[in-house]
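The values are calculated or read from the model by the stated rules, or taken from the named source; none is laboratory data. Computed from a predicted structure; not experimentally measured. A quick note on method: Cβ atoms are made from the backbone with ideal geometry, for glycine too, and the neighbour counts reach across all protein chains shown. Remember, those area values only see protein heavy atoms, side chains included, never the ligands or the DNA or RNA. Shrake-Rupley method; radii C 1.70, N 1.55, O 1.52, S 1.80 Å.
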Amino acid sequence: MPVRLNLAALTSEELQALFGEDGAQLRLPEISRARLENRALPGPELSAAFEARQLEERPWGATPEQSRALATLDAGLRAAGAVPLGVFYLPLVSEVRHARAYLLDPDTAVTVRWSETPESPRTAEAYPELLSWLRDRASGFACVLSSATSRSVAPSPSEEVDLHLHPGFAPAALISAHRQHVLRHGRAQKLAPDDGWRRAWQALHALNLSAWTRRGVLLDDPG
């Protein structure tokens, strides 16, 4: 069952991450009126459950440049020991909905994200993300998420997610940085080889959904 984002409850940074700077500016008058009137303003739909629809293997990439970037990222991740698990479509709120999945080490779920229908340079980049769940939460964090994109996450993740953005990092550099982030908290949980990747991202989505519900970011009525 989808829900909708409440644009009136999002921060300026989240609105820019969601729509881009120009798009956020265009919506600002309507959002400001909604805030003054203390009412919700329905935005894009968001899946209430993490979905990953597996796709066929084929040459991917919306442009030759993007295809080369995907091939470079794939080669770098395989060289680092990441095991490929296939290509998926993620119907979440993000415009970057295509994903190639990997399992690394075996405690890290890796995803290369890109859009087959990029609407702007902001959504045309392909980038990897690494997710590890911690064995204990003594530090106050449940998991570590490292991403090689410059785009902020929208809505912002749960306060229990230790998020690190490393724009433009190659796979080897991102993996090294991610491991250091995890070590600051202790050790990561091992993931099952068959469905560990999916379960890791499902758990992250559930954690974020709970935080977004507490903030009033979500509207139960998708209409």
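Sparse packing (at most 14 other Cβ atoms within 10 Å of the Cβ) combined with a DSSP loop state is found for the following trypsin sites (Lys or Arg not before Pro) in region 19-74: Arg39. Rolling a 1.4 Å probe across all protein chains gives His164 an accessible area of roughly 40 Å².
Counting only protein heavy atoms and a 1.4 Å probe, region 39-165 has 43 square angstrom of accessible area per residue.
A simple count of charges around Ala188, restricted to other residues whose Cβ falls under 10 Å of its Cβ and scoring Lys, Arg +1 and Asp, Glu -1, yields +2. Summed over qualifying helices (DSSP H, 4 residues or more, each -39500 (n - 2.57)) and divided by its residue number, the chain shows a 222 nm mean residue ellipticity of -11500 deg cm²/dmol. Each label point was placed 7 Å from the Cα along the Cα-to-Cβ direction; for Glu56 and Ser12 their separation is 4.8 nm. Measuring between their Cα centroids, region 45-122 and region 164-180 lie 16 Å from each other. A cut-off of 5 Å between modelled amide H atoms, ignoring neighbours fewer than 5 places along the same chain, links Glu129 with Thr111, Val112, Arg113.
With respect to the chain, whose longest principal axis is taken over its alpha-carbon atoms, helix 12-36 is tilted by about 20°.
Listed values for region 78-87 are Karplus-derived 3J(HN,Hα) couplings in whole Hz (6.51 cos²θ - 1.76 cosθ + 1.60, θ = phi - 60°), namely 5, 4, 7, x, 6, 9, x, 10, x, 10, and x replaces Gly and Pro.
Within region 84-223, what whole-number % of the accessible surface is contributed by carbon and sulfur, with the 1.4 Å probe and all protein chains included in the calculation? Carbon-and-sulfur percentage of accessible area, whole number: 52.
Going through (i) 1.00; (ii) 0.97; (iii) 1.13, the figure that equals Rg/Rh (Cα atoms, Kirkwood Rh) as computed for the structure here is (ii).
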